[in-house]
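Participant: Structure incoming, see below.
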Amino acid sequence: MNDLIIQQIANGIIIGFAYAMASVGLTMIFGVLRAINFAHGEYFMCGAFASWAVIHYFQLPYIISIPVSIIISAGIAVIISRIVMEPLVDAPFSTAVLATLGVYLILQNTTRLLFGGTYKFFSGGWLEMLTIMGVTIIEQRMVLIIITVAIFLFLEWMIRRTRIGKAMRAVAQNHEACIIVGINIELVTRFTFCLGVLLAALAGVLMSPIIVTIYPTMGEGMTFKAFAITVIGGMGNVRGTFLSAIFIGIVECFVAGFLGLQFREAVGFVALIIVLMWRPYGLFTLKGRF
């Protein structure tokens, strides 16, 4: 029993790392644009399909598909940022909701037209088994953990130490003051949105070998899960997003292991309801968005 509990905790932490990488972009975009990006899960899906296409059509190794899919996702992010997201900086909240829902439909149906609506087998990744301190995991999960930790350390440094990071924090706090002191809000918005998209796409690339099959609607579940995680952690709070993702991942694994897989998807929303009833602003307050 103890071994099973340790294995479930380890699995939950690993899944939580994946959720954290996929969700952090959503909370950063909200912090700067003050808009919920309902297309966020589709960038997760786009990263997975870009990697799959590179492996399937061009017969390139998985490690090459990672930077290629990031480049493709970056191109998509820049286009959507210029056409959709940047004009939403001062738009009403309902406008942002409708616009991102439109992007979600376009990306999902474009993927369905290009690759079909059937499930695709993802053949890439590092799938050798590792045993660390009595816990068995595949190499791909270890890679996911290492990259996620590196990304969050980078984000922490960037947001607190660099010029663009300080500009992001300033825009998140007060748009009008940023205009007065000469901060380029459009540039900060574009950078934040593209960074969020790339992180979601990278999460899709790294998670695909673990989930094995990919499909055009796979982003829907990730959008709702990322939304629950960011609200629980505190909208706009990067550290809170990371911790709440780990928490949700662990609870999901215990629920799936002891109650059944059919209850797993309900965990995030049950936790969301409980947290909103107890702390409406999430477990981590918005004293600082970042």
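The values are calculated or read from the model by the stated rules, or taken from the named source; none is laboratory data. This one's a predicted model, so the numbers in the text were calculated from it and none came from an experiment. Virtual Cβ from ideal backbone geometry, glycine too; neighbours counted across all protein chains shown.
Participant: If you go through the range 37-50 one residue at a time, do you hit one that is within 22 Å of residue 218 (Cβ to Cβ), over 17 Å from the mean Cα position of the chain (by Cα) and either part of a helix (DSSP H, G or I) or in contact (Cβ under 8 Å) with a residue 40 or more places away in the chain (or both)?
Facilitator: No - not one qualifying residue is present in the range 37-50.
Participant: Among (1) modelled with pLDDT of 90 or more; (2) hydrophobic (A, V, I, L, M, F, W, C); (3) touching a strand residue (DSSP E or B) at 6+ places or on another chain (Cβ under 8 Å), which single condition is residue 78 missing?
Facilitator: Exception for residue 78: condition (3).
Participant: In addition: Every residue in the range 127-141 that is within 23 Å of residue 5 (Cβ to Cβ) and assigned to a loop (DSSP other than H, G, I, E, B), please.
Facilitator: Correct list: 133, 134.
Participant: If the requirement is being closer than 20 Å to residue 186 by Cα and either among the hydrophobic types (A, V, I, L, M, F, W, C) or surrounded by 18 or more Cβ atoms within 10 Å (Cβ to Cβ) (or both), which of these qualifies: 10, 74?
Facilitator: Answer to the selection: 74.
Participant: Of the residues that sit in the range 31-42 and are out of contact with any Phe, Trp or Tyr (no Cβ under 7 Å at 6 or more places or on another chain) and within 23 Å of residue 205 (Cβ to Cβ), which one is modelled with the lowest pLDDT?
Facilitator: 37
Participant: Turning to a different aspect of this structure: Checking residue 147 against (1) modelled with pLDDT of 90 or more; (2) more than 30 Å from residue 2 (Cα to Cα); (3) surrounded by 12 or more Cβ atoms within 10 Å (Cβ to Cβ), only one condition comes out false. Which one?
Facilitator: The single condition residue 147 does not satisfy is (2).
Participant: Right, next: If we keep just the residues of the range 6-36 that are part of a loop (DSSP other than H, G, I, E, B) and not small (Gly, Ala, Ser), which is farthest from residue 146 (Cα to Cα)?
Facilitator: By that ranking, first place goes to 34.
Participant: With respect to residue 76, determine if the residue is of a type outside the set (Phe, Trp, Tyr), under 21 Å from residue 145 (Cα atoms) and in a helix (DSSP H, G or I).
Facilitator: no
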